[in-house]
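**Q** Pasting a structure here, questions to come.
The values are calculated or read from the model by the stated rules, or taken from the named source; none is laboratory data. Owing to the predicted nature of the structure, the values given are computational and were not obtained by experimental measurement. Note that we place each Cβ from the backbone using ideal geometry, even for glycine, and neighbour counts take in every protein chain shown.
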Amino acid sequence: MRGLYEHYKGGIYSVKGESYIVRDDKKKEILLDEEKTYIKGNYGKHTETEEQIKVYRDKKGNLYVISELKREEEEKVVVYIDGDGFVWVRPFNMFNENVNVEGKEVPRFRYLG
């Protein structure tokens with residue numbers, strides 16, 4: 001799922017991968033693991049809830065999304081970065097859905113390579 005994608009409104013985004021937002025009971029375990037690195041120097045944002053998030057990557061390339069809100073369940077998300085380097089997280093199903101533009105169904109994000 002990595003690569004460049006174009007949003008139907010025209011922006012180009014670098015998709016870093018898919019992950020799950022970490023449940024509260026797993027946060028401490030992720031944050032204490034020294035093999036995980038924070039991928040950006042600032043917070044990112046969830047596109048729908050606007051909550052602040054941090055994204056970590058381990059040496060195998062796996063992504064871990066940490067939310068400041070309490071989470072009882074995991075939510076599958078896509079992690080991507082805009083042209084200004086800001087991190088965004090969008091629900092997986094929403095990232096991959098079609099949207100209606102002037103009566104025509106088009107992908108919300110189109111894979112460019």
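**Q** For the structure I just gave you, tell me whether residue 58 is under 26 Å from residue 113 (Cα atoms) and modelled with pLDDT of 85 or more.
**A** Spelling it out, it is not the case that residue 58 is under 26 Å from residue 113 (Cα atoms) and modelled with pLDDT of 85 or more.
**Q** (1) among the charged types (D, E, K, R); (2) modelled with pLDDT under 85; (3) within 27 Å of residue 111 (Cβ to Cβ); (4) touching a Lys or Arg at 6+ places or on another chain (Cβ under 6 Å): which one isn't true of residue 24, the others all being true?
**A** Evaluating residue 24 over (1) among the charged types (D, E, K, R); (2) modelled with pLDDT under 85; (3) within 27 Å of residue 111 (Cβ to Cβ); (4) touching a Lys or Arg at 6+ places or on another chain (Cβ under 6 Å) leaves (3) as the failure.
**Q** Taking the conditions exactly as written (surrounded by 17 or more Cβ atoms within 10 Å (Cβ to Cβ), under 18 Å from residue 4 (Cβ atoms) and of a type in the set (D, E, K, R)), does residue 110 satisfy them or not? Step through it out loud before you land on a result.
**A** Numbers: surrounded by 17 or more Cβ atoms within 10 Å (Cβ to Cβ): no; under 18 Å from residue 4 (Cβ atoms): yes; of a type in the set (D, E, K, R): yes.
When the stated conditions are applied, residue 110 does not pass them.
**Q** Among residues belonging to segment 91-106 that are touching a Phe, Trp or Tyr at 6+ places or on another chain (Cβ under 8 Å) and surrounded by fewer than 19 Cβ atoms within 10 Å (Cβ to Cβ), point out the one that is nearest to residue 14 (Cα to Cα).
**A** If we take residues in segment 91-106 being touching a Phe, Trp or Tyr at 6+ places or on another chain (Cβ under 8 Å) and surrounded by fewer than 19 Cβ atoms within 10 Å (Cβ to Cβ), then 96 is nearest to residue 14 (Cα to Cα).
**Q** Related question: Only residues that are over 19 Å from the mean Cα position of the chain (by Cα) and either on the phi < 0 side of the Ramachandran plot or of a type in the set (D, E, K, R) (or both): list them for segment 100-113, please.
**A** Residues satisfying the conditions are 100, 101, 102, 104, 105, 106.
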